[in-house]
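The values are calculated or read from the model by the stated rules, or taken from the named source; none is laboratory data. What you see is a predicted model, and the numbers here were worked out from it, not measured in a lab. Ideal geometry is used to build each Cβ from the backbone, glycine not excepted, and the neighbour counts take in all protein chains shown. Side chains included, ligands, DNA and RNA excluded: accessible areas come from the protein's heavy atoms. Shrake-Rupley method; radii C 1.70, N 1.55, O 1.52, S 1.80 Å.
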Number of protein chains: 2
Amino acid sequence: VSASDRNSFLSRLAEIVGARNVVVNAADMEPFLVDWRKRYRGKALAIVQPATTQEVASVVRACHAAEVSVVPQGGNTGMCGGAIPNDAIPSIVLSLSRMKRIRDVDPLNDTITVDAGCLLAQIQQVAAGVDRLFPMSLGSEGSCQIGGNVATNAGGTAVLRYGTMRDLVLGIEAVLPSGEIWNGLTRLRKDNTGYDLRHLLVGSEGTLGVITGVVLKLFPRPKSSLTSLIAVPSIEAALALLTKLRADCGERITMFEVMSLNEFDLVLAGQPDLPRPLGGDSPWYVFLELTDPLATANLNEALETSLAAAFEDGIVTDAVTATSLTQAENIWRIRHGVTEANMRAGISVSHDTAVPVSSVPDFVNRVDDEISRRFPDVSVYYVGHLGDGNIHVVAIFPRDDYADPDHFAATLAEVNAVVDEIATSLGGSISAEHGIGQSNRRRLAAFKEPLALDFMRSLKAMLDPTNIMNPGKVI
Amino acid sequence: VSASDRNSFLSRLAEIVGARNVVVNAADMEPFLVDWRKRYRGKALAIVQPATTQEVASVVRACHAAEVSVVPQGGNTGMCGGAIPNDAIPSIVLSLSRMKRIRDVDPLNDTITVDAGCLLAQIQQVAAGVDRLFPMSLGSEGSCQIGGNVATNAGGTAVLRYGTMRDLVLGIEAVLPSGEIWNGLTRLRKDNTGYDLRHLLVGSEGTLGVITGVVLKLFPRPKSSLTSLIAVPSIEAALALLTKLRADCGERITMFEVMSLNEFDLVLAGQPDLPRPLGGDSPWYVFLELTDPLATANLNEALETSLAAAFEDGIVTDAVTATSLTQAENIWRIRHGVTEANMRAGISVSHDTAVPVSSVPDFVNRVDDEISRRFPDVSVYYVGHLGDGNIHVVAIFPRDDYADPDHFAATLAEVNAVVDEIATSLGGSISAEHGIGQSNRRRLAAFKEPLALDFMRSLKAMLDPTNIMNPGKVI
């Protein structure tokens, strides 16, 4: 891009969004050009911060005219570099951060309509203010934006009960690559009038358009809840317990997370102030949350009845139910302490695999066998959302042995291949909730069916023939 | 089509599926060429009944080569003529009726994998056999096929709790218009690896491909249930009651149906053996079902507490809870007697409108005002799924006044326009659950956003450039 073209382009952007909302200063651009884990870094002509859907549309059209790519960015909390530009291409980062309006709250329809730049936590709070629950729950909820959550089909810890983002979105407003505004902000629960574009935009990671607004489902607020930590003798027992509790308690189960003993120990070793809620060692632990909108629901009684039978069946060996908010928080602190503990333990790589729930034990056992046989110095830990079949295999490489980056990269590629191949052979997914972005494109090409890849390419070419929307991502 | 081309085409089909599965005899073809309500009638070269996905693919390729259209047909229970050929085009009807295999049942993963031709009732039974629930519930469940349910995104009476078909499908296998087999039979609950074709096929009514197999979600089986008939003074009160019960009882509410007094009377007048469950007249009635997987759930107590408060607030005037299965069945017989009662009362036309749940009272009041003012001899009745915002406005035209078909057609068009315009002005849909098919194409073109129609046409052209899949339907 010549200097004069560049300046005229930037002037055009300034006309649209105001000069102060076209950031070109290197220091101010910095936080938008590197991801939060500092694994991806890109370049951009500017960070552009529109305030309205109309401004987004005008910016996209200006980029079209100037042949500049558009990289939509929400809270920049992604795991796969999807919101960071690729170096090769003249791009802008289109930040939705100024679009934070709550457009409508309709408790009788159980919906909320919001700008894409609203923080997830902000939406949770507004919902709570009208005695409703917006159930999506993520570690990054204080900084991630709802538009990014939708564009990446975010998961989190409440998927078992409430589904992924895809299940929580009723309507979407988006600016298509053509610069046209798609008004799909429906608040309807039923609408059978033709093909569904909404579900193409969910999970498309900004490659098919810029999401500018969404209608989300709200739910009754839980008025009873219970947290329990349960020791189980094996991953098979954890699965049997899940099956039993689902049959007994149904949708009261909002979280059913599992953790291997070595991960459990790793977290507690690094947080000496955190009490160990259960004595003794158990090969696996289950983190359980039950909730109910009924204030008088006797969750304790329901759980105790189920657990008593589970003890007799030998699928549970010990359990503690929190009797105070502090106890409950301490249990969940163990679950949330995983990322930090792994970083302390060595060079950690977390996989994001999904397999059918019934295949989780097979998956875990085969990964265990294969990694310990082929890479004896690599330790493997497990944590995940058993109810979704989404298990994070955490491979930790000792820093001393893997100081050489080439040695690390080569071994990592082999470890990744082991995990991906076992997952795929079980009908699994190489990316359950984190998406594709930059980091998983090659793995996607290797593991996705050719017909599916063809379809994705055709659809991308149809909606974005000049490939200006987030190029180099997903496909 | 020349006779020799026709014969060589039919021979090719016979090679693929066997001669006995290419039906050309007029009498045998008849039930496939007219819809169950006898409103649509079409012609076809043959009814073709493949037994496997491979055979479906071969049939589609043979049709490609011969330039013959493919009209997929399941149980032929649709409301909009979507599975009946258009006269103008040389077509075959591709019946999935021979594809009835249950491919896999996985209670630990809560999934069932089935051929597209399986009956809905068959799937419900297999699920019950492994102590699970497949929750889709429709009047036609004994004859409709699951492939058709998916292709039309079926609704029914349990949507409030379990969602529409779209929400119940994890994976789809389909033969695309190219004759390629799309293997999307995933049993995963989470998979963020690219754009989602599944949701394009759901609700596409056979215009983007032939669905040959599906993976469906299963749920815990209810072990407690309760049916109640509740008298409410107005549609506003019905909405207030829904809101209160959702807050108190949450997902225990599986059905929340409403009916106007005139419809209630109409049903009971035609079935003198059916006891009137509540004395006196109430402007509106609510049909409520609560269920719970917990065998010891005290649903009665929960409902009584809520209803006591609702009485005090004046939103409920009377209620009866069934104390026996017979009582419960008698209550639901009133709800299920609507179609028959309407047919007896005159020339009945049922609309399939959805609006935001919060807008239902506004919708009903405006339709009432407008129709009674402009068409005083047309009676309007209401029945519907309030929890989904899906109200069926039933307009009944006296047979004597509307014996002239032209007079009827002209008045009907005006009544339709009134209902559609009020719905659209409230952000509603002209087809909540019945789809588009042949009958609603013109209304779709009038009420859908031009950008959405453009997108639909582009997508159709991309996947089906020669327009052989169910032409003349939807778009």
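Quick notes on this structure:
- Normalising the Debye intensity of the range B:363-449 to I(0), with uniform scatterers on Cα atoms only, and taking log10 at q = 0.12, 0.20 Å⁻¹ returns -0.38, -1.05.
- Note that the protein assembly as shown presents 37 Å² accessible area per residue, ligands and nucleic acids not counted, probe 1.4 Å.
- Separation between Cα centres of the range A:1-56 and the range A:262-341, rounded to whole Å: 47
- For a straight C-alpha distance cut-off of 20 angstrom, the aspartates and glutamates reachable from B:K448 (same-chain residues fewer than eight places away being disregarded) are A:E173, A:E180, A:D191, A:D196, B:E205, B:D352, B:E414, B:D420, B:E421, B:E433.
- Around the Cα centre of the range A:262-381, unit charges on the Cβ atoms of Lys, Arg, Asp and Glu (plus for the first two, minus for the last two) sum to a dipole of about 360 debye.
- The tail of the calculated P(r) for the range B:1-114 beyond 19 Å holds 48 percent of all Cα-Cα pairs.
- Nearest-0.05 FRET efficiency for B:D454 and B:D167, computed from C-beta distance (R0 25 Å): 0.40
- Shortest-first nm distances, A:Q271 label point to equivalent points in other copies (7 Å, Cα→Cβ): 5.8
- Degrees, to the nearest 10: B:360-374 long Cα axis against longest axis of chain B: 90
- Here's the picture: charge each Lys and Arg Cβ at +1 and each Asp and Glu Cβ at -1 in the range A:1-135, and of A:G18, A:L96, A:P31 the one pushed furthest to the positive end of that dipole is A:P31.
- Starting from the label point of B:E15 at 7 Å along Cα→Cβ, the same points in the other copies fall at 6.4 nm, in ascending order.
- A DSSP coil position with no more than 13 other Cβ atoms inside 10 Å describes the following trypsin sites (Lys or Arg not before Pro) in the range B:399-467: B:R399.
- Under 5 Å from the amide H of B:S224 lie the amide H atoms of B:D292, B:L294, each residue being 5 or more positions distant or on a separate chain, with H modelled from the backbone and absent for Pro and chain starts.
- Between 0 and 90 degrees, the angle of helix B:261-270 with respect to the longest Cα principal axis of chain B falls at about 70 degrees.
- Tilt relative to chain A, helix A:405-425 - C-alpha long axis, 0 to 90 degrees, to 10: 70
- Between the beta carbons of B:A410 and A:R443, assuming R0 = 60 Å, the FRET efficiency works out to 0.45 to the nearest 0.05.
- Whole-number D in µm² s⁻¹ for the range A:147-279, Kirkwood Cα-pair radius fed into Stokes-Einstein, 37 °C, 0.692 mPa s: 180
- Look at where the Cα atoms of the range B:121-168 and of the range B:403-475 average out, and the two centres are 25 Å apart.
- Placing +1 on the Cβ of every Lys and Arg and -1 on the Cβ of every Asp and Glu, with nothing else charged, gives the protein assembly as shown a dipole about its Cα centre of roughly 1780 debye.
- Here the convex hull built on the C-alpha positions of the range A:26-175 has a volume of 112 cubic angstrom per residue.
- Cross-link partners of A:K244 among lysines (Cα-Cα below 26 Å; sequence separation of 8 or more within a chain): A:K223, B:K190, B:K217, B:K223
- Across the range B:164-288, the mean sequence separation of Cα contacts (distance under 8 Å, 6 or more residues apart), normalised by length, yields a relative contact order of 26 percent.
- Cα gyration tensor, the range A:301-452 - rounded (a/c under 1.5), prolate or oblate: prolate
- Computed over chain B, the P(r) curve from all C-alpha pair distances, binned at 10 Å from the origin, holds 4, 19, 27, 26, 17, 6, 1, 0 percent per bin.
- Each residue, B:R39 and A:Q271, gets one label point 7 Å from its Cα in the Cβ direction; the gap between the two is 6.0 nm.
- Each residue of the protein assembly as shown gets 185 Å³ once the volume of the Cα convex hull is shared out per residue.
- 3J(HN,Hα) from dihedral phi, the range A:236-248, Karplus parametrisation 6.51/-1.76/1.60, rounded to Hz, x for glycine, proline: 4, 5, 4, 5, 4, 5, 4, 4, 5, 5, 4, 5, 7
- Using C-alpha pairs under 8 Å with a sequence gap of at least 6, the mean separation divided by the residue count of chain B gives a relative contact order of 15 percent.
- When chain A is turned onto chain B, the axis of that turn runs closest to one Cβ of chain A, and that residue with its distance in whole Å is A:H199, 2.
- The alpha-carbon of B:K43 sits under 21 angstrom from the alpha-carbons of these lysines, leaving out residues fewer than 8 places away in its chain: B:K473.
- Farthest positive-ward along the range A:333-475 dipole, Cα basis, beta-carbon charges - from A:T466, A:T339, A:A409: A:T466
- Label distances, nm, A:A295 versus same residue in remaining copies, Cβ-directed 7 Å point: 3.1
- Relative contact order for the range A:1-116: 25 percent, from Cα pairs under 8 Å spaced at least 6 residues apart, divided by residue count.
- B:F311 versus B:D131: modelled label distance in nm, points set 7 Å from Cα along the beta carbon direction: 3.9
- Label-to-label distance for A:S425 and A:M343 is 3.5 nm, based on points extended 7 Å past Cα in the beta-carbon direction.
- A simple charge model with +1 on the Cβ of Lys and Arg, -1 on the Cβ of Asp and Glu and nothing else charged puts the dipole of chain A at about 1580 debye relative to its Cα centre.
- Residue-count net charge about A:D115 - beta-carbon cut-off 13 Å; Lys, Arg +1, Asp, Glu -1: +1
- Net charge of the neighbourhood of B:N298, taken over other residues with C-beta under 12 Å away and scored Lys/Arg +1, Asp/Glu -1, is -3.
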